[in-house]
Amino acid sequence: MTSKENLKGYLLAAVAAAAYGTNPAFAIPLYEQGMNPNSVLLFRYLLGIPMIALIMKIKGVSFALRRTEFFSTVVLGLLMAVSSLTLFESYNYMNSGVASTLLFVYPIMVAVLMIMLFHEKLRLSVVVCLMIMTGGLWLLMKPAPGEILSPIGVLLVMVSAATYAIYIIMVNVSGSLRSMSAPGLLFYVLCFGTLFYILLIPFGFELTVPQGVTGWGGVIALAIIPTVISLGCTTIAIQLIGSTPTAIFGALEPVAAVVLSVTFLGQTINTREIIGGVLIVLATTIVVAFRGSK
């Protein structure tokens, strides 16, 4: 592989991670218009489906879903929908930059679950990183004088991270899912996730509609940037440089979220929270790096 291809892979991995970190920058202004998280995600998924379908059509990817893939994609759709909903709900309870940083514990959860459920070897690097992560979480969750960090917000982010970790593990261990193309898999994940959000509407999750050009622009941006662009760049980056370097670049996700939250949403983050976030990113990066060096 040429150095030019390597550089392209690293750049795409960075773009993919940064694109996912834009979630709060687009979601919170929609909340200020009166939309709720369930509706924001419903429109995000609905608009993402035809975009992915167009990519599948251009690439000649079949829309056929085998019987062995149906149940797995339904479960994946529910996991992704719950992960997205709990993360977006957490923005109503805490600083979105801190929420996005806390979310980045999911690779640690993946490592622990793989050890517990699939008997992966417990390496010293994992133990060390868990200790570093604990310190980072303590700094993030320790409120400054006069501040209160919402326990509900923290719980929502942890549920989001846990469901996403299970999603990743399921994709990795399921033979039927590994055989599916990335666009095809995402297409059905979005379809079943959309159904989940629709079914929630009669149970107190009122349907709210984007208002004006800015509102529709926000949901379209959510469908394009953290969904279609992020997935597309991630897929190509994995093909060029491999899964481990691409995952390491995922550390840019919380960095992008924090920068955008401070720059465009007027939120603040103090030195203690910055150090806590750096520790979490450091711990996760080391785990991912050591998982790839066998």
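Computed values, structure above
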item	result
Candidates Thr86, Thr271, Thr73: whichever shows maximal mean-square fluctuation once the chain is modelled as a Gaussian network with Cα springs under 10 Å	Thr271
Potential lengthening between Val127 and Leu149 on full extension [0.36 nm per residue; Cα-Cα distance subtracted]	5.2 nm
Packing-based ranking, highest mean first, of 163-172, 187-196 given that Cβ atoms within 10 Å are counted	187-196, 163-172
Nearest-0.05 FRET efficiency for Lys57 and Ile169, computed from C-beta distance (R0 22 Å)	0.10
Rg followed by Dmax, in Å, when the chain is reduced to its Cα trace	18.7, 57
Rounded percent of accessible protein surface that carbon and sulfur make up, the chain, 1.4 Å probe	72 percent
Å² per residue, accessible surface of the chain at 1.4 Å	48 Å²
Listed residues Phe43, Gln33, Thr73: farthest to the positive end of the dipole of the stretch 1-86 (Cβ charges)	Thr73
Relative contact order of the chain, pairs being alpha-carbon contacts under 8 Å that are 6 or more residues apart, as %	46 percent
Coordinate range along principal axes, alpha carbons of the stretch 28-156, Å, largest first	54, 48, 23
Length gained when the stretch Ile201-Thr68 is fully extended (0.36 nm per residue, less Cα-Cα span)	44.9 nm
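The values are calculated or read from the model by the stated rules, or taken from the named source; none is laboratory data. Please read all numbers here as calculations on a predicted model, not as lab measurements. Positions of Cβ are backbone-derived with ideal geometry, glycine not excepted, and every protein chain shown enters the neighbour counts. In case anyone asks, the SASA skips ligands and DNA or RNA and just uses the protein heavy atoms, side chains included. Shrake-Rupley method; radii C 1.70, N 1.55, O 1.52, S 1.80 Å.
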